[in-house]
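Heads up, the thing below is written out as structure tokens.
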Amino acid sequence: MNSAPARVVAVLYTGPALRSGQVAIGAAPATAIRAAPCDGDVEADRDEWLAAGETRADCTYFAVFSLDRLVGHIFLHDRDDGRGETLIGYHLFRGVDRGRGTGTAALGLLRDWTLQHTSLERLVVITAETNLASRRAAEKAGFRFVGRPHEDPVGGRVYELRRNHAVD
Ligand SMILES: CC(C)(COP(=O)(O)OP(=O)(O)OC[C@H]1O[C@@H](n2cnc3c(N)ncnc32)[C@H](O)[C@@H]1OP(=O)(O)O)[C@@H](O)C(=O)NCCC(=O)NCCS
């Protein structure tokens, strides 16, 4: 194992980009994220989570790039270092950029960054039963279905990845 993980203090991530093939996650100015083309179905999510990334200490917010084009965001939120847990959210801003492997690659990059640079033990994705792309992206990134969220016991699904069970 590497040396002890550093405690994360960044909110809008400002470090070097992390890459997997043509996909990267990394820093971007808030102005560039707000100016990125975005379909109406996720526009409110883009604005809400960017604002959270700028202001909330329990968020760590990355831009997502495909071939160096800013196509979405992915972030830790409701991060609780005391409990060792975090939620993860993600959106690709345009439909044309979905279904090409970008979401899965971005989630894998954030998973790896989080395990390497924080001491968080449990990473959680909550998604809708009907959101097949999100469900599958979580599964492909190594998260496993563990039950239903209290807020949506019928239409929601909780996926988790535990540090001790993480595999490459
Ligand atoms: C969820 C999201 C980030 C997934 O990223 P993505 O790049 O589109 O997904 P990927 O291309 O990596 O695909 C992941 C898996 O889902 C499958 N998939 C993708 N789109 C799908 C769709 N519309 N219906 C069914 N399966 C789909 C892919 O085939 C792949 O599985 P496979 O390798 O077994 O074939 C992206 O679709 C998105 O931003 N959607 C809108 C916002 C959203 O729903 N965010 C999540 C809220 S919890």
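Read-outs: derived from the displayed coordinates by stated rules, not from any lab. All of these numbers come straight from a predicted model, not from anything done at the bench. Cβ placement follows ideal geometry from the backbone for every residue including glycine, while neighbour counts extend to all protein chains displayed.
Among CYS59, CYS38, a tally of other beta-carbon atoms within 10 Å of each Cβ gives an order, fewest to most, of CYS38, CYS59.
Could you calculate the contour length gain from VAL146 to ARG19, that is, 0.36 nm times the residue separation minus the distance between their Cα atoms, to one decimal place in nm?
Values: separation 127, 0.36 × 127 = 45.72 nm, distance 2.88 nm.
Net length gain for the segment: 42.8 nm.
Size of the dipole of the range 18-163 about the Cα centre, Lys and Arg at +1 and Asp and Glu at -1 on the beta carbon, nothing else charged, in debye to 20? Don't skip to the end; give the middle numbers.
Numbers: 20 positive and 21 negative charges, 126 e Å.
Here the size comes out at about 600 debye.
Kindly provide the helix-only [θ] at 222 nm of the chain, computed as the sum of -39,500 (n - 2.57) over DSSP H runs of four or more divided by all residues, to the nearest 500 deg cm²/dmol?
Working: 4 runs with 47 residues, N = 168.
Rounded to the nearest 500, the figure is -8500 deg cm²/dmol.
Net charge in the neighbourhood of GLY95 (other residues with Cβ under 9 Å of its Cβ; Lys, Arg +1, Asp, Glu -1) is -1.
For GLY156, the residues whose amide H sits under 5 Å from its own are GLU129, ignoring neighbours fewer than 5 places away on the same chain, with H placed 1.01 Å from N. Sites listed here are GluC sites (Glu not before Pro) in the range 58-131 whose DSSP assignment is loop and whose Cβ has at most 13 other Cβ atoms within 10 Å: GLU129.
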